[in-house]
1. Kindly establish whether Glu3 is modelled with pLDDT under 95 and acidic (Asp, Glu).
2. In region 79-91, what residues are in a strand (DSSP E or B) and in contact with a helix residue (DSSP H, G or I) (Cβ under 6 Å, 6 or more places away or on another chain)?
3. So, in region 53-75, how many residues would count as being closer than 14 Å to Val20 by Cα, touching a Ser or Thr at 6+ places or on another chain (Cβ under 8 Å) and open to solvent by 90 Å² or more (accessible area, probe 1.4 Å)?
4. So which residues in region 76-116 are modelled with pLDDT under 95, of a type in the set (Val, Ile, Thr) and open to solvent by less than 50 Å² (accessible area, probe 1.4 Å)?
5. Looking for something buried (at least 17 other Cβ atoms within 10 Å of the Cβ), more than 11 Å from the chain's Cα centre (by Cα) and either part of a loop (DSSP other than H, G, I, E, B) or of a type in the set (Ser, Thr, Tyr) (or both) - is there at least one such residue anywhere in region 31-42?
6. Determine the pairs where a residue that is surrounded by 13 or more Cβ atoms within 10 Å (Cβ to Cβ), located within region 9-21, has a partner that is in a helix (DSSP H, G or I) with Cβ atoms under 9 Å apart, the partner being 6 or more residues away or on another chain.
7. Using the structure shown, decide if Asp50 is touching a residue at least 12 places away in the same chain (Cβ under 8 Å), among the charged types (D, E, K, R), out of contact with any strand residue (DSSP E or B) (no Cβ under 6 Å at 6 or more places or on another chain) and surrounded by fewer than 14 Cβ atoms within 10 Å (Cβ to Cβ).
Amino acid sequence: MSEESFRMSSHRPYLLRALVEWINDNGMTPHIMVDAGVPGVQVPASAVKDERVVLNIAERAVMRLHIDNDAVSFTARFSGVSFPVNVPITAVLAVYARETGQGMALPDDIPGTDGPEPHDDDTPPPTPPDPPQPSGKRPFLRVVK
């Protein structure tokens, strides 16, 4: 098989959706921290402080929340004015519950995903190791009590 057949999509949107669901299931308010300097981030300039913005994405705070593999989008009111928000997944730094602070910083994409590559040079990503070759011995299991 070719190297392309092993390429996986970014794990970041899946982690984000799972954590938002977990926070909602526990009756808390999901917030995301966003790097406002990433191209494609569409938020009111007045909400940005030090190139960061924290957004409340609870269903009671936003309209038409949509989290797909590319972006988080919704409409929300900022200082009483409705504003369409679009945040590329690559700009989401963390997701957490407002009430407890529990959540996580989203890890960078790993090599071999469709996310941004971790290096800027022309070095190809590392190839996965070859699978171990059978040794001819049968594996065994032992019950430990």
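The values are calculated or read from the model by the stated rules, or taken from the named source; none is laboratory data. The shown structure was predicted, so the numbers you read here are calculated from the model rather than taken from an experiment. Every residue, glycine among them, receives a Cβ derived from its backbone with ideal geometry; neighbour counts consider all protein chains shown. What goes into the accessible areas is simple: the full protein's heavy atoms, side chains included, and nothing from ligands, DNA or RNA. Shrake-Rupley method; radii C 1.70, N 1.55, O 1.52, S 1.80 Å.
1. yes
2. none
3. 1
4. Scanning region 76-116 gives a single hit, Thr113.
5. Taking every residue of region 31-42 in turn, at least one turns out to be buried (at least 17 other Cβ atoms within 10 Å of the Cβ), more than 11 Å from the chain's Cα centre (by Cα) and either part of a loop (DSSP other than H, G, I, E, B) or of a type in the set (Ser, Thr, Tyr) (or both).
6. Ser10/Ile89; Ser10/Thr90; Arg12/Ile89; Arg12/Thr90; Pro13/Ile89; Leu16/Ile89
7. No.
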